[in-house]
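Report on the following structure.
The values are calculated or read from the model by the stated rules, or taken from the named source; none is laboratory data. From a predicted model like this one, the values you see are computed outputs, not experimental measurements. Backbone-built Cβ (ideal geometry, glycine too); neighbour counts: all protein chains shown. We work out accessible area using only protein heavy atoms, side chains counted, and drop any ligands, DNA or RNA first. Shrake-Rupley method; radii C 1.70, N 1.55, O 1.52, S 1.80 Å.
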Amino acid sequence: MSNSSHYQGLIERYRDRLPVTDKTPVVSLNEGDTPLIKLVNIPEQIGTSVEMYVKFDGQNPTGSFKDRGMTMAVSKAAEKGAKAIVCASTGNTSAAAAAYAARAGMTAFVLIPEGKIPMGKLAQAIAHGAVVLQIRGNFDDGMRLVKEVAGEAPVEIVNSVNPYRLQGQKTGAFEIVEALGRAPDYHCIPVGNAGNISGYWIGYSEACGHNTASCTLCNGECPYLENPLTTTRPIMVGYQASGAAPFLRGHPVEQPETLATAIRIGNPQSWNLAKAAVEESGGWFDEVTDQEILDTQSLLASKEGIFCEPASAVSVCGALRDIRSGKIPDGSLITCTVTGHGLKDTATAIEGRDPVQTVDAELASVKDAILRHL
Ligand code: F0G
């Protein structure tokens, strides 16, 4: 049975704007089409008149934005006849690579930093049957090794150095412009390896008909060149964790450290593209501390019902600070990419809390406990 209105993932949705052909075997888990959720309680609480939306990409099939790029990278690998893919990862890329490889009948090799990825992400890679190589080193070491090994073994790299990844990730911007009917004034985003900010900038640029230098794959054939969706592009703001903030330091960081393990990265691969996105848009990079990240993660969960992982709270965290200081002015329309789901890393979310009360299995005890909280 086929139903033409059945959503079939972002390659089918944006087929005419992506570097695919009839010969590309589409490997999809119906990723994309994620909710753009308006924040209602937090802006009121801080007394601002900004309009603020969260693009909750944690609602993708494997729980993070990586699925957008992975459907493209694995489909193109399948088109080439690849039997195996490889990536370095702080957890989410490995989960997505493992799932899409399973779907495509390929082997996924994933290099993860020893002891530094949360159990939820590791469980995904294992469940989907990836070969998990835990390296005695960090993400940046893994990235170097992946690039080296791809020259020596028949494996396709599916990190964002693979340009098809950014092509998939640009669709987040398309969806936002379609949902709002215009581009936002500001787009705020966490920055780790710097692929996603670069992908969004390609997407926003194409949506308004700019033929960007960074879009090397569309060869000027993107339909938005003829029929733009909008006339403006947002100011791009990239936030990093203070212990892993190479864009703030102006050079790679040797020993990146942050509890937002997804962005524990010192040597971002898409450095030039990310820097160009921020400069061309008139935006900026800034950093947030681990404590600010945890506070914002908790704020989003407890005030808005949005449970994200620590790295994902970074966009909202930085945006709120810049709204409070007036750097992002009142009246602005702001979107924040929230990149991964909170269920990925439950340990960090409840650490240091005393969340559970044990009561007797009797009406009196349960009633007492309820009334104490009202
Ligand atoms: N947020 C989350 C939840 C991530 O997993 C990542 C990157 C980022 C933000 C940063 O995005 O790298 O495009 O700047 N995670 C990669 C991984 C590195 O291996 O899963 P970026």
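Among the listed residues Leu217, Leu299, Leu229, identify the single one that is open to solvent by 20 Å² or more (accessible area, probe 1.4 Å), modelled with pLDDT of 95 or more and either not β-branched (Val, Ile, Thr) or not in a strand (DSSP E or B) (or both).
After applying the criteria, what remains is Leu299.
State all residues of the stretch 22-33 that are surrounded by fewer than 20 Cβ atoms within 10 Å (Cβ to Cβ) and in contact with a helix residue (DSSP H, G or I) (Cβ under 8 Å, 6 or more places away or on another chain); if no residue qualifies, say none.
Lys23, Thr24, Pro25, Val26, Leu29, Asp33
Report the residue count in the stretch 336-366 for those that are farther than 22 Å from Val316 by Cβ and polar (S, T, N, Q).
3
Looking at Gly250, Gly192, which is the one that is on the phi > 0 side of the Ramachandran plot and modelled with pLDDT of 95 or more?
Details: Gly192 fails: on the phi > 0 side of the Ramachandran plot.
Of the residues listed, the single one that is on the phi > 0 side of the Ramachandran plot and modelled with pLDDT of 95 or more is Gly250.
Could you please give the count of residues in the stretch 34-50 that are assigned to a strand (DSSP E or B) and open to solvent by less than 70 Å² (accessible area, probe 1.4 Å)?
2
Only one residue in Asp290, Asp286 is open to solvent by less than 60 Å² (accessible area, probe 1.4 Å), more than 19 Å from Ile235 (Cβ to Cβ) and more than 13 Å from the ligand (Cβ to nearest atom). Which one?
Every option except Asp290 fails the conditions.
Look at the stretch 102-128 and say how many of its residues are more than 10 Å from the ligand (Cβ to nearest atom) and not in a helix (DSSP H, G or I).
Residues meeting the conditions: 10.
Name the residues in the stretch 118-146 that are under 19 Å from the mean Cα position of the chain (by Cα), open to solvent by less than 30 Å² (accessible area, probe 1.4 Å), among the aliphatic types (A, V, I, L, M) and more than 21 Å from Ser270 (Cβ to Cβ), would you?
Ala125, the sole residue that qualifies.
Taking only pairs six or more apart or across chains, which ones have beta-carbon atoms under 8 Å, a first residue in the stretch 146-158 that is within 16 Å of Ser94 (Cα to Cα), and a second residue that is in a loop (DSSP other than H, G, I, E, B) and open to solvent by 70 Å² or more (accessible area, probe 1.4 Å)?
Glu156/Lys80
Just to be sure, is Ile265 part of a loop (DSSP other than H, G, I, E, B), out of contact with any Asp or Glu (no Cβ under 7 Å at 6 or more places or on another chain), in contact (Cβ under 8 Å) with a residue 60 or more places away in the chain and within 16 Å of the ligand (Cβ to nearest atom)? Spell out how you get there, then give the answer.
Numbers: part of a loop (DSSP other than H, G, I, E, B): yes; out of contact with any Asp or Glu (no Cβ under 7 Å at 6 or more places or on another chain): no; in contact (Cβ under 8 Å) with a residue 60 or more places away in the chain: yes; within 16 Å of the ligand (Cβ to nearest atom): yes.
No.
Mind counting the residues in the stretch 63-83 that are more than 10 Å from the ligand (Cβ to nearest atom) and either of a type in the set (S, T, N, Q) or open to solvent by 10 Å² or more (accessible area, probe 1.4 Å) (or both)?
9
Give Ala77, Ala99 a once-over and let me know the one that is assigned to a helix (DSSP H, G or I), farther than 26 Å from Thr261 by Cα, touching a residue at least 40 places away in the same chain (Cβ under 8 Å) and out of contact with any helix residue (DSSP H, G or I) (no Cβ under 6 Å at 6 or more places or on another chain).
Testing whether each residue is assigned to a helix (DSSP H, G or I), farther than 26 Å from Thr261 by Cα, touching a residue at least 40 places away in the same chain (Cβ under 8 Å) and out of contact with any helix residue (DSSP H, G or I) (no Cβ under 6 Å at 6 or more places or on another chain) leaves just Ala77.
Would you mind stating whether Glu362 is farther than 18 Å from Ala241 by Cβ, over 16 Å from the mean Cα position of the chain (by Cα) and surrounded by 14 or more Cβ atoms within 10 Å (Cβ to Cβ)? Talk me through it step by step, then tell me what you get.
Values: farther than 18 Å from Ala241 by Cβ: yes; over 16 Å from the mean Cα position of the chain (by Cα): yes; surrounded by 14 or more Cβ atoms within 10 Å (Cβ to Cβ): no.
So Glu362 does not fit the description; no.
Tally the residues that are of a type in the set (A, V, I, L, M), in contact with a Phe, Trp or Tyr (Cβ under 9 Å, 6 or more places away or on another chain) and more than 15 Å from Asn41 (Cβ to Cβ), restricting the search to the stretch 280-318.
Going through the stretch 280-318 one residue at a time, the tally reaches 2.
I'm checking my understanding of the structure. Among residues of the stretch 304-317 that are closer than 16 Å to Ala260 by Cβ and β-branched (Val, Ile, Thr), which one is farthest from the ligand (Cβ to nearest atom)?
Val316
Hey, Leu320 hits all of (1) part of a helix (DSSP H, G or I); (2) more than 16 Å from the ligand (Cβ to nearest atom); (3) surrounded by fewer than 23 Cβ atoms within 10 Å (Cβ to Cβ) but one; which does it fall short on?
So Leu320 meets the others, but not (3).
Of everything in the stretch 323-350, what is within 16 Å of the ligand (Cβ to nearest atom) and closer than 15 Å to Met52 by Cα? Give them in sequence order.
Initially, the stretch 323-350 is screened for residues within 16 Å of the ligand (Cβ to nearest atom), giving 335-349.
Thr335, Cys336, Thr337, Val338, listed by residue number.
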